[in-house]
Amino acid sequence: MTDEQQAPDPPVFDAVVVGAGPAGASAALALARAGRSVVMVERGPFPGAKNVYGGVVYGRVLDEVIPHWWEQVPVQRWVVRRSTMILTDTQAVTLDVRSQAWGAQPYNGMTVFRADFDSWLAQHAIDAGARLLTSTVATGLLRDGSGRICGVRTDRPGGDLRARVVIACDGVNSFLAKEAGLLPRADATHMTLGAKEVLALPAGVIEERFGLGPHEGLDIEAVGGTAGVPGGGFLYTNRDSVSVGVVVSLNGLAASGRRPEDLIASFKAHPGIASYLKGAEVKEYSAHLIPEGGYSTMPELATDGLLVAGDAAAMTLAAGIWLEGVNFAIGAGLEAGRAAATAIGTGDVSAAGLSGYRRALEASFVLRDHKRLRLAPDLVLSDRMQQQYTKVLCDIAEDLFTVTNPQPKPGLVRIMRRVLRRHRVRWRDLARDGLDTARTFR
Amino acid sequence: MGRWADISFEARMATVEFRVSERAHIVVDSDVCRSCTTKVCVHACPADLFAPTADGGILFNYEQCFECGTCYMVCNSEGAISWTYPDGGHGVVFRHG
Ligand SMILES: Cc1cc2nc3c(=O)[nH]c(=O)nc-3n(C[C@H](O)[C@H](O)[C@H](O)COP(=O)(O)OP(=O)(O)OC[C@H]3O[C@@H](n4cnc5c(N)ncnc54)[C@H](O)[C@@H]3O)c2cc1C
Ligand code: SF4
Ligand code: SF4
């Protein structure tokens, strides 16, 4: 039997979605809701088994697809307090924001473990009619006689899965997008490594230490505190544990000669962090890459028979004070599923037929936020931001509140002049970077 | 630094569940590594799986791998690392990721 003589096998599924993370589960949910046959292929034994993040999901993107999601989501704590810290070795300047509104409907951020959250979201897709194949690796793309993508190979015996559309939701290392020629083989410049420890702490201790009520959580994001390696640290409260870790530039890590767990130790030992963690023992250590390049590093999002969504398409928004990927993956997955369903309906699953995906993302927060903040990743990881300005800001704050009687107060301008000179920052650079920052975050 | 920070690397890795596969999903060609001057994989791998050998090569053990991709991203010697995912259902299982 040869392919040329026979018509190609009819597709078994309308769509195969690779990866049952937030992007994949959302794509499958949208397809199933549109009445399409769809199968999710997940290499882990259950959704979320392979996935690591910091710890906070912003759930509003779910409002339109899972009404009252907050009543059933496997939440750890609702984040009502968010601290952004600028750290040097011995200093900290913190912006501490608290809002009780975030702890009630419609809610804002929640801490949740990926093993729980990803399984929960995938179950919604299954309930809508999607199928889930766990413990299965998609090992490559299937192409028909004309070279068009028409399914995936898997590592199951006889495991080819044919489909009209393949949606690659296979995360940051996306070997499917690489095979399709959409992503470079390796791109250390635009990657950061996240390394994390989950530390056990009794719920009562967490609430006392962090000033929280029973279901309330705290989210700390820090710039610096990573022993000079460009990046920062994080601390999130779960019900009876805290997630603590660092996110560092991959090239910076490579050049530093430091080990990831040493950088976690540095962050944990910072005087602004250490006392929070007293007595907390490690329950789990983990690590994962983040595609931080943002808009300018995104691949083509559609080719003939293939869509790419979530981290596979570099959709994590990493803009210093924000680190959001799950909500972007959900937003993109839903649009990918809808666009695929529409294209299947019209019978045109070519790149042109699937182009509604990109148009929908352009109109949604996914590409609008990314476009607006496209300069942020470079700015945030730049040397001046990382090395000089953290010190400048901490020194200015320290000098402002240091009382040097009998000398009178020096005044802010004098302090700034002194601090800038100390760290060899020129006013001109400061003005330019200030403008860049304003433009970046406008 | 308090006592809680002093966890050995072995104890650290013992907190993670691995369903070890028969097949090594990552293979390192020590011959290529011998001419590598940076050996960045050795300190960058969060699971500390790359051990330098006396003859200038690398001894690699795939069993406790996070499947993160750091090593192939930072390695700049073509052909040193053959990287795949473990077979379905095998490898790391995170409970608190
Ligand atoms: C340290 C760290 C901290 C972060 N903090 C946050 C945060 O606080 N908030 C936030 O919103 N985001 C955060 N992110 C980003 C967030 O984790 C990602 O953006 C999000 O997980 C992307 O979802 P996804 O579905 O695209 O990919 P993933 O979640 O990576 O899912 C991909 C899925 O595909 C599967 N898969 C991959 N290849 C194959 C294959 N060949 N065959 C079968 N299955 C396959 C994987 O097992 C996985 O389940 C963080 C990331 C890291 C690493
Ligand atoms: S794996 Fe790559 S980085 Fe590591 S020693 Fe070999 S060639 Fe060098
Ligand atoms: S994938 Fe990650 S954990 Fe595994 S060997 Fe490479 S760097 Fe180490």
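The values are calculated or read from the model by the stated rules, or taken from the named source; none is laboratory data. As the structure is a prediction and not an experimental result, all values here were calculated from the model. In this analysis, Cβ positions are derived from the backbone assuming ideal geometry, glycine residues included, and neighbour counts consider all displayed protein chains. SASA here: full protein model, heavy atoms, side chains in, ligands and nucleic acids out. Shrake-Rupley method; radii C 1.70, N 1.55, O 1.52, S 1.80 Å.
Details
- Residue order for B:Ile26, B:Ile7 - accessible surface, 1.4 angstrom probe, largest first: B:Ile7, B:Ile26
- Rolling a 1.4 Å probe across all protein chains gives A:His68 an accessible area of roughly 90 Å².
- Per-selection Kirkwood Rh - the stretch A:93-211 (Cα, Å, 1 d.p.): 19.1
- Semi-axes of the equivalent ellipsoid for the stretch A:189-291, Cα gyration tensor, largest first, Å: 26, 13, 12
- Rolling a 1.4 angstrom probe over the protein heavy atoms with all chains in place gives the stretch A:120-164 an accessible area of 46 Å² per residue.
- Carbon and sulfur %, accessible surface of the protein assembly as shown computed with the full protein complex present, 1.4 Å: 52
- Partner lysines whose Cα lies under 22 Å from the Cα of A:Lys391, excluding those fewer than 8 positions away in the same chain, are identified as A:Lys268, A:Lys409.
- Rounded Å value of the spacing that divides the Cα centres of the stretch A:374-397 and the stretch A:266-313: 20
- Heavy atoms of A:Asp304 accessible to a 1.4 Å probe, total area in Å² rounded to 10: 70
- For A:Ser296, net neighbour charge (Lys/Arg +1, Asp/Glu -1) across residues whose Cβ lies under 11 Å away: +1
- 10 Å binning of all Cα-Cα separations within the stretch A:255-373, expressed as whole percents from 0 upward: 12, 32, 24, 17, 11, 4, 0
- For the stretch A:32-190, share of DSSP beta bridges that run antiparallel, in % to the nearest 5: 85
- Size-normalised alpha-carbon gyration radius of the stretch A:382-440, reference 2.2 N^0.38 Å: 1.23
- Estimated [θ] at 222 nm from DSSP helical runs (n ≥ 4, -39500 (n - 2.57)) normalised by residues in the protein assembly as shown, nearest 500: -8000 deg cm²/dmol
- The reciprocal of the average 1/r between distinct C-alpha atoms defines the Kirkwood hydrodynamic radius, which for the stretch A:15-54 equals 10.4 Å.
- For the protein assembly as shown, convex hull of alpha carbons as volume per residue, Å³: 168
- Solvent-free Debye scattering, log10 I(q)/I(0), computed from the Cα coordinates of chain B at q = 0.14, 0.22 Å⁻¹: -0.57, -1.16
- Sum of side-chain charges, A:Gly245 neighbourhood, beta-carbon under 9 Å (Lys, Arg +1; Asp, Glu -1): 0
- Rounded to the nearest 10 Å², the accessible area of A:Asp348 at probe 1.4 Å: 60
- Per residue, the stretch A:262-371 exposes 31 Å² of accessible surface when a 1.4 Å probe is rolled over the protein heavy atoms with every protein chain present.
- Rounded to the nearest whole Hz, the Karplus-based 3J(HN,Hα) values (6.51 cos²θ - 1.76 cosθ + 1.60, θ = phi - 60°) of the stretch A:358-369 follow the sequence 5, 4, 5, 5, 4, 8, 9, 4, 4, 8, 5, 5, with x at glycine and proline.
- Residue-normalised accessible area of the stretch A:382-440, expressed per residue, 1.4 Å probe, Å²: 71
- Excluding ligands, DNA and RNA and using a 1.4 Å probe, chains B and A jointly bury around 3900 Å² of accessible surface, summed across both partners.
- DSSP-defined beta bridges in the protein assembly as shown - what % are antiparallel, rounded to 5: 75
- Most to least accessible of A:Lys409, A:Lys371, A:Lys178 (protein chains only, probe 1.4 Å): A:Lys409, A:Lys371, A:Lys178
- Among A:Tyr357, A:Tyr295, the sequence by solvent-accessible area, most first, with a 1.4 Å probe is A:Tyr295, A:Tyr357.
- Neighbour net charge for A:Asn108 - beta-carbon separation under 13 angstrom, K R +1, D E -1: +1
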